[in-house]
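As structure tokens, the structure follows; a few thoughts come after it.
The values are calculated or read from the model by the stated rules, or taken from the named source; none is laboratory data. Treat the numbers as computed from the prediction; the structure is a model and nothing was measured. Methodologically, a virtual Cβ is constructed for each residue, glycine included, from the backbone with ideal geometry; neighbour enumeration extends over all protein chains shown.
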Amino acid sequence: MALAKVQKDVDDWVQQYKILYWQPLEQMTHLTEEAGELARELNHRFGPKKKKSSEDVKEIGDEIGDMIFTLCCIANALKIDLSQSWGRVMERRYGRDNERYEKRI
């Protein structure tokens with residue numbers, strides 16, 4: 001799915017409410033909370049801290065999805081086209097970082 005479509009899906013959902021997008025710092029706080037949920041799940045699965053028997057297993061993909069949703073909220077509120085931003089990021093990866101890591105043969 002294209003990033004523009006993802007951003008539109010988020011905006012379509014948000015537009016049904018009186019309060020549209022939270023302020024950027026409020027959204028950053030929410031993103032931090034979502035990152036914490038992802039970190040907790042990764043730690044339970046791959047780290048030393050295992051879940052209590054009473055704790056539900058969360059889907060890692062869903063936690064990443066929550067972060068993507070929140071990032072889209074920030075981008076939409078600030079009128080940022082993530083497709084353009086992504087293009088610039090990949091240009092840097094293939095340019096500046098092209099020889100940074102050992103490549104496969």
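So the values come out like this:
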quantity	calculated
Counted residues, region 39-70 - those being within 22 Å of L82 (Cα to Cα) and either surrounded by 11 or more Cβ atoms within 10 Å (Cβ to Cβ) or touching a residue at least 60 places away in the same chain (Cβ under 8 Å) (or both)	9
Qualifying positions in region 60-101 - modelled with pLDDT of 95 or more and in a loop (DSSP other than H, G, I, E, B)	L78, K79, I80, D81
Check on L20, of a type outside the set (F, W, Y), in contact (Cβ under 8 Å) with a residue 12 or more places away in the chain and assigned to a loop (DSSP other than H, G, I, E, B)	yes
Single unsatisfied condition, T32 versus (1) outside any helix (DSSP H, G or I); (2) β-branched (V, I, T); (3) at pLDDT 95 or above	(1)
Residues of region 1-17 satisfying the condition of being free of Cβ contacts under 8 Å to residues at least 24 places away in the same chain and in a loop (DSSP other than H, G, I, E, B)	M1, Q15, Q16, Y17
Candidate set: region 71-88, residues that are surrounded by 13 or more Cβ atoms within 10 Å (Cβ to Cβ) and among the hydrophobic types (A, V, I, L, M, F, W, C); chosen: the one farthest from I19 (Cα to Cα)	L82
